[in-house]
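Before any comments, here is the structure.
The values are calculated or read from the model by the stated rules, or taken from the named source; none is laboratory data. Computed from a predicted structure; not experimentally measured. Counting neighbours? That spans all protein chains shown, and the Cβs are built from the backbone with ideal geometry, glycine included.
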């Protein structure tokens, strides 16, 4: 299997988890989260940090993007630079979601922060994956 095929296959798993995260954000917006569920939610966000970012994005940044650069695709001000910026923006959303988790069940502000960042992350990654798959 070519490495680009592997990355595309990983995108499919990430897209499934994005659907889960979107449902969680909707659930949180409705105030239906309790203290016991925070650990489950943390595990889902941790999936994005550990797999989508540390594993998948690291492969892109260390293997795919340098190869594309050698082929003449521009990094600074080009598609690779955009992808790198999106990776960093995604990391910011993950951090914000994790920071809000401790007070999720008791604080409307934390719930709103989580939901806003979850929705933004879902939208960002869906568009990001579409760009990479094209």
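Overview of results
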{"quantity": "Residue 43, sole failed condition from (1) in contact with a helix residue (DSSP H, G or I) (Cβ under 9 Å, 6 or more places away or on another chain); (2) part of a helix (DSSP H, G or I); (3) exposed (fewer than 15 other Cβ atoms within 10 Å of the Cβ)", "calculated": "(1)"}
{"quantity": "Condition met for residue 14 (within 24 Å of residue 108 (Cα to Cα) and either under 11 Å from the mean Cα position of the chain (by Cα) or at pLDDT 90 or above (or both))", "calculated": "no"}
{"quantity": "Residue that is surrounded by the fewest Cβ atoms within 10 Å (Cβ to Cβ), among those in the stretch 27-36 that are in a helix (DSSP H, G or I) and either in contact (Cβ under 8 Å) with a residue 24 or more places away in the chain or in contact with a strand residue (DSSP E or B) (Cβ under 7 Å, 6 or more places away or on another chain) (or both)", "calculated": "29"}
{"quantity": "From 64, 84, residue being at pLDDT 90 or above and surrounded by 13 or more Cβ atoms within 10 Å (Cβ to Cβ)", "calculated": "84"}
{"quantity": "All positions within the stretch 105-122 that are farther than 20 Å from residue 19 by Cα and crowded, with 16+ Cβ neighbours inside 10 Å", "calculated": "105, 110"}
{"quantity": "Selected residue [surrounded by 14 or more Cβ atoms within 10 Å (Cβ to Cβ) and under 21 Å from residue 5 (Cα atoms)] from 98, 125", "calculated": "125"}
{"quantity": "Residue match in the stretch 54-71 (condition: part of a loop (DSSP other than H, G, I, E, B) and either more than 21 Å from residue 13 (Cβ to Cβ) or over 11 Å from the mean Cα position of the chain (by Cα) (or both))", "calculated": "yes"}
